[in-house]
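See structure below.
The values are calculated or read from the model by the stated rules, or taken from the named source; none is laboratory data. The model shown is predicted, which means the values in this text are computed figures rather than measured ones. Methodologically, a virtual Cβ is constructed for each residue, glycine included, from the backbone with ideal geometry; neighbour enumeration extends over all protein chains shown.
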Amino acid sequence: MKVLEVENLKAYYEKALILKNIDIDVEKGETVAILGPNGAGKTTFLKSIIGLVKTEGKIKFNGENLQNLKPHKRVLKGIGVCPEGRRLFPDMTVEDNLRLGASTKHCDSELELVYDIFPDLKRRSNHIAKMASGGEQQMTAIGRALMSKPKLLLMDEPSLGLAPKLILRLRDAIKKIQKDTEIQILLVEQNIRLAFKLANRINILVNGEIVEKGTVESFRDLEKNYVQLL
Ligand SMILES: Nc1ncnc2c1ncn2[C@@H]1O[C@H](COP(=O)(O)OP(=O)(O)O)[C@@H](O)[C@H]1O
Ligand SMILES: [Mg+2]
């Protein structure tokens, strides 16, 4: 079953065509990765799904056309976003940042799930977000997206700026989401190794177009080449 179906998607900033005919699906139980260099259009693609840029083409979520829905309505349908650069409220506590992601005030069970996935965050719950480490801030940003109880989680370069050790922690946390929840993940990354560890299928986006796509297995032989390409 397809959770997300994107067909023939074009995206524009003003008159500039940024994405040209993108086709990407996410099926139930899958993690799909989008890899590509800076400026390829990865963030624009995630913004298209959530409705933050002008688009043409089909975007269906659980069989329903999203094109005419405003961004907040798309979030309520079950699309969670962990944006590029985290976008936390720096002077609020970790827990208050998490609570902001929930659609209601009564979100203790969601909070419990987030603390279960990220036990370190529970210990840091009363810390001011800007005082938390880069890794903790990234976990907070993912946790905040989980608070909206998404069926599909969009993640924009979660490993960006993290030290190698913290990337391993991030990897384990995303694996836990895969194992313990029914959430599908659309992962945008420049860290190829991380994407190959987490995804079922890979799409390579270059200059607004998907130039290669396939299962992780079908990419194995090419992995080294792509490490050089990106
Ligand atoms: N707000 C904007 N207005 C105009 N052009 C933009 C805007 N945001 C991004 N772009 C352009 O769109 C292209 C894709 O950007 P982006 O989606 O951010 O790429 P990526 O996330 O892969 O680095 C780039 O050429 C970038 O300069
Ligand atoms: Mg980006």
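Observations on the model:
- Residue match in segment 119-142 (condition: small (Gly, Ala, Ser), crowded, with 22+ Cβ neighbours inside 10 Å and assigned to a helix (DSSP H, G or I)): yes
- Candidate set from segment 29-62 (those that are assigned to a loop (DSSP other than H, G, I, E, B) and among the hydrophobic types (A, V, I, L, M, F, W, C)); member that is farthest from ligand 1 (Cβ to nearest atom): Leu52
- Scanning segment 150-168 for residues that are outside any loop (DSSP other than H, G, I, E, B) and crowded, with 17+ Cβ neighbours inside 10 Å returns Leu152, Leu153, Leu154, Met155, Asp156, Leu166, Ile167.
- From the options Leu111, Leu186, residue that is buried (at least 17 other Cβ atoms within 10 Å of the Cβ), away from ligand 1 (no atom under 16 Å from the Cβ) and either modelled with pLDDT of 90 or more or closer than 25 Å to Lys47 by Cβ (or both): Leu111
- If you check Ile18, Ile50, Ile22 for being more than 28 Å from Lys122 (Cβ to Cβ), touching a Lys or Arg at 6+ places or on another chain (Cβ under 7 Å), within 16 Å of ligand 2 (Cβ to nearest atom) and modelled with pLDDT of 95 or more, only one passes: Ile50.
- Asn38, sole failed condition from (1) within 16 Å of ligand 2 (Cβ to nearest atom); (2) at pLDDT 95 or above: (2)
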